[in-house]
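This report refers to the structure that appears directly beneath it.
No lab work stands behind these numbers, since they all come straight from the coordinates. Being a predicted model, the structure only gives us computed values, none of them experimental. Note that we place each Cβ from the backbone using ideal geometry, even for glycine, and neighbour counts take in every protein chain shown.
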Amino acid sequence: MIDLELTVNGELARVRVEPGARLLDVLRGPLGLPGTKEGCGNGECGACTVLVAGRPVCACLTPAAEVEGLEVLTVEGLVGPGGDLSAVQRAFVEGGGVQCGFCTPGMVMSVHALLERNPDPTPEDVREALTGNLCRCTGYAQIVESALLAARKRREAREGGDRA
Amino acid sequence: MLRLPQLQVARPRTVEEALALLGGEGALPFAGGTDLLPNLKHRLLAPQTLVSLAGVEGLSGVSVDPGGALVIGATTRLHEVAEHPEVRARAPALAMAAGLVASPQIRRMGTLGGNVLLDTRCRYVNQSAFWRKSLGHCLKKDGAVCHVVPGGQKCVAAASNDTAPALLTLGASLTVATAAGTREVPLESLWKPDGVYNRRLAPNELVTAIRVPAQAAGHRGAYLKLRPRESFDFPLLGVAVRVDAAGGVVQSADVVVVALQAVPRRVTGASDELAGKALGTQELEAAIVAVGARAHQQCRPLPNVPGDPDYRREMVPVFVRRALRAAAG
């Protein structure tokens with residue numbers, strides 16, 4: 001067993017895991033964060049997408065030992081202190097970007113990463129950012145619309161904040 | 001659910017420490033892990049220790065040396081290679097190829113060194129251990145027969161690395177650290193036609209950088225990729241081209257294809273057809289079509305990766321023409 005220290009959703013976490021444990025195993029197991037899903041386990045479906053040091057990566061192909069000392073953001077970490085959903089999460093609900101929900105955490109994290117680096121994406125930018133996330137329910141149209149809705153809401157909130 | 005085998009992860013801080021660890025029994029270097037981990041789940045490899053390169057000083061980043069050569073650290077992530085302004089300006093085919101590997105997530109994990117050294121792939125190999133056992137194994141792993149070429153004695157698993165043909169058109173080389181010192185390996189001599197293990201590198205050697213020399217004046221390049229979906233998939237065919245056109249006239253050209261056989265393959269005669277032709281002319285277009293015809297004649301895809309080999313062969317001239325037009329346009 002090995003002892004690891006990593007920062008997950010802004011909180012320092014200390015875990016003792018098997019040497020070959022994956023980040024996904026640590027999140028869903030000892031840290032009790034089941035929002036991140038395991039789909040293919042092969043890096044293909046993107047259901048396990050989390051942000052490591054700001055980069056969207058597949059938690060299923062990331063050994064936990066590789067993220068020692070790094071910051072990890074999961075879908076649970078997007079929720080505000082009062083339990084409020086983030087703009088991206090709300091947009092997925094309002095825009096109908098969720099059906100069965102299994103791919104949703106990964107989709108949300110990919111969209112969150114996109115909007116952090118590009119607050120005003122085109123529909124093509126959104127589609128490109130989601131090329132590593134598979135959905136078997138929705139046909140993607142409402143997911144792309146939800147992402148664009150999230151971008152608009154975030155911009156409006158920021159502009160409103162500037163005025164206030 | 002396929003499980004990872006039990007593993008140790010070693011985290012060296014220096015190249016010397018990494019080399020010492022790689023000299024041990026059952027040790028494998030680990031960078032992005034995006035191909036290695038699925039292969040471990042499939043029990044294609046059985047290391048006891050993964051030597052993580054993440055903490056090794058000096059292995060990541062893009063720089064330009066005084067002679068104008070790009071020096072790209074081996075663990076530089078493919079996303080950074082694809083987006084880096086110096087790579088896009090000096091080696092456009094490499095930037096395109098890196099940007100077409102797998103998916104956004106995989107490009108933020110996978111490294112250029114890892115893609116250059118990617119293991120060969122075959123529809124009869126990249127399967128679970130149970131699947132392979134049920135088929136009676138094959139030349140690449142645990143068996144003595146080839147399911148691609150009946151009676152074949154040599155493994156024809158396909159080189160499937162998008163960046164390999166691009167780097168070959170650019171005359172790139174690898175900086176390799178060994179216990180005895182550092183050596184420079186031209187990519188031209190890296191690969192050998194053996195799908196079981198197609199690289200001329202020893203297990204205790206470590207690629208530290210990829211070096212792309214300064215290109216000729218008027219350098220242009222492109223990489224195009226045929227795959228089932230426009231994301232994630234390995235190439236069914238990849239085509240990289242170089243067109244050097246100082247003064248608007250082609251001086252020299254190169255075409256290299258990948259995913260047909262165990263090594264990337266150069267299409268011969270591209271310069272013969274294209275040199276002397278001015279950009280934007282009918283003569284150049286006719287020469288581009290002629291290079292496509294040469295490629296069709298020279299390339300015979302095998303049923304080693306998914307996709308009908310006859311279809312893949314017909315796509316060779318199509319992708320060669322498109323890539324040359326993209327570079328020359």
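A few points about this structure:
- Ordered by the number of other Cβ atoms lying within 10 Å of each residue's own Cβ, fewest first, B:Trp131, B:Trp191 fall into the sequence B:Trp131, B:Trp191.
- Computed over the protein assembly as shown, the range of Cα coordinates on each principal axis works out to 69, 57, 49 Å, biggest value leading.
- Among B:Ser252, B:Ser128, the ranking by other beta carbons within 10 Å of each residue's beta carbon, starting with the fewest, stands as B:Ser128, B:Ser252.
- Shielding score for B:107-115, defined as the mean number of other chain Cβ atoms within 10 Å: 3
- Take every DSSP beta bridge whose two residues both sit in chain B; close to 85 percent of them are antiparallel.
- Lys, Arg +1 and Asp, Glu -1 on Cβ, resulting dipole of the protein assembly as shown about Cα centre, debye, nearest 20: 1180 debye
- Degrees, to the nearest 10: B:282-298 long Cα axis against longest axis of chain B: 40 degrees
- Whole-percent pair-distance distribution, where bins are 5 Å wide, for the alpha carbons of chain A: 2, 9, 18, 21, 19, 14, 9, 5, 2, 0, 0
- Full-extension gain in nm, B:Arg88 to B:Gln8, via 0.36 nm per residue minus C-alpha separation: 25.0 nm
- Set of lysines with alpha-carbon distance to B:Lys41 below 29 Å, sequence-local pairs under 8 removed: A:Lys37, B:Lys133, B:Lys140, B:Lys141, B:Lys154, B:Lys192, B:Lys225
- Taken over the alpha carbons of segment A:21-101 as equal point scatterers, the Debye sum produces base-10 log I(q)/I(0) values at 0.15, 0.17, 0.24 Å⁻¹ of -0.56, -0.71, -1.24.
- Per-bin percent of Cα-Cα distances, segment A:93-160 [10 Å]: 22, 57, 19, 2
- Looking at segment B:21-116, the GluC sites (Glu not before Pro) that sit in a DSSP loop and have at most 14 other Cβ atoms within 10 Å of their own Cβ are B:Glu25, B:Glu57.
- Inter-chain shielding of A:43-50 (mean C-beta neighbours from other protein chains, 10 Å cut-off): 4
- The Cα trace of segment B:289-329 gives Rg and Dmax of 10.9, 33 Å, the first to one decimal, the second as a whole number.
- Alpha-carbon geometry of segment B:222-278: the Rg and the Dmax are 13.7, 39 Å, given in that order.
- Paired Rg and Dmax values of segment B:1-57, which use every Cα atom, in angstrom: 11.4, 37
- Take the Cβ atoms of B:Gln48 and A:Glu94, set R0 to 35 Å, and the FRET efficiency comes out at 0.10.
- Here A:Met1, B:Met315, A:Met109 are placed in order of increasing Cβ neighbour count within 10 Å, fewest first, which gives A:Met1, B:Met315, A:Met109.
- Here the calculated FRET efficiency for B:Ala179 and B:Arg229, from their Cβ-Cβ distance with R0 = 41 Å, stands at 0.45, rounded to the nearest 0.05.
- Extent along the principal axes, Cα only, for segment B:48-160: 53, 31, 26 Å, with the longest axis given first.
- In this structure, B:Val145 and B:Ser252 have a Cβ-Cβ separation that, at R0 = 41 Å, corresponds to a calculated FRET efficiency of about 0.40.
- At full extension, B:Arg300 and B:Ala216 could sit 27.1 nm farther apart than now, given 0.36 nm per residue minus the alpha carbon distance.
- Principal-axis tilt of helix A:141-163 within chain A, Cα atoms, nearest 10 degrees: 80 degrees
- Kirkwood hydrodynamic radius computed over segment B:219-328 comes to 13.9 Å, based on all pairs of distinct alpha carbons.
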